[in-house]
1. Assuming R0 = 30 Å, can you tell me the calculated FRET efficiency for the pair residue 190 and residue 97, based on Cβ-Cβ distance, to the nearest 0.05?
2. Looking only at region 263-278, which residues have a backbone nitrogen under 20 Å from a spot 7 Å from the Cα of residue 118 in the C-beta direction?
3. Quick one: helix 120-141 against the long Cα principal axis of the chain, what's the angle to the nearest 10°, folded into 0 to 90?
4. Roughly how many Å is it from the Cα centre of region 55-115 to that of region 184-246, as a whole number?
5. For residue 256 and residue 139 in one chain, what is 0.36 nm times their gap in residues minus the Cα-Cα distance, to one decimal in nm?
6. Taking the Cα centre of each part, how many Å lie between region 116-134 and region 144-160?
7. If you average the sequence gap of Cα pairs under 8 Å that are 6 or more apart and divide by the length of region 123-258, what percent do you get for the contact order?
8. In the chain, what percentage of the DSSP-assigned beta bridges are antiparallel, given to the nearest 5?
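FYI, it's all coordinate maths here, none of it is from the lab. Every value quoted in this text rests on a predicted model; they were computed, and no experiment measured them. With ideal geometry, Cβ positions are generated from the backbone for all residues, glycine too; neighbour counts draw on all protein chains shown.
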């Protein structure tokens with residue numbers, strides 16, 4: 001692979017670990033946006049850094065809010081409108097959950113844009129530390145063991161499947177609520193209980209912990225009133241989330257919003273998955289040239 005110069009712009013501990021992985025491979029990997037780190041990292045001026053690099057790696061998720069790049073350790077704000085004019089044709093940009101207001105103008109500049117979370121290998125592997133992190137949060141907040149507890153998972157995508165397997169291994173009684181009736185037979189074959197969305201109210205009162213993986217409101221005022229007051233709710237979804245936070249507060253329920261868990265609980269492992277995915281894409285790019 002002939003790509004040797006990488007610039008990592010913003011992000012969390014995953015991106016710092018990714019820089020170390022790249023350097024261990026003999027690559028040049030400069031970072032920007034980590035001045036708040038201890039000790040602080042002295043950055044090269046951003047314009048110079050971007051001009052000298054071939055591959056740019058942003059954060060996952062790419063933006064912290066509309067128009068603002070995700071750079072929690074940066075001493076200031078990285079505005080999309082300020083950074084985009086520094087890009088040049090022929091560069092490659094990687095990040096996660098890249099919004100159109102970043103992807104479209106970058107494409108217009110001749111930059112190839114890849115959302116790593118849209119790659120199947122990254123999405124599957126990223127689900128592992130996400131599920132582990134959610135279980136860690138449950139351990140910290142529950143007043144009973146997960147072994148023997150009733151655990152409900154909302155959604156049966158990549159994260160839901162891995163989380164269900166892990167919880168079952170701990171000894172929890174796993175319930176899964178999903179839209180697809182075709183999932184029912186698969187769930188039962190794994191020893192899980194299938195809970196249709198429209199019958200969820202009948203099960204909420206017996207749950208000790210609820211994990212949401214769906215970025216769409218599933219638990220709202222109409223059904224949160226059935227949730228056991230001692231139940232811990234953990235929402236791992238991106239906006240608009242799956243749990244109505246205001247309604248949960250009114251019901252005096254404990255809800256934990258848990259975004260970007262891989263960057264918090266296993267940044268080194270998550271960074272290895274990112275490197276693997278980025279290398280796969282770059283090799284494919286080389287094959288097309």
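1. 0.55
2. From region 263-278, the list is 274-278.
3. Value to nearest ten degrees: 50.
4. The two parts, judged by their Cα centres, are 34 Å apart.
5. Roughly 40.9 nm would be gained on extension.
6. Taking the Cα centre of each part, region 116-134 and region 144-160 sit 17 Å apart.
7. Contact order relative to length: 22 percent.
8. Given both bridge residues lie in the chain, the antiparallel proportion sits at roughly 10 percent.
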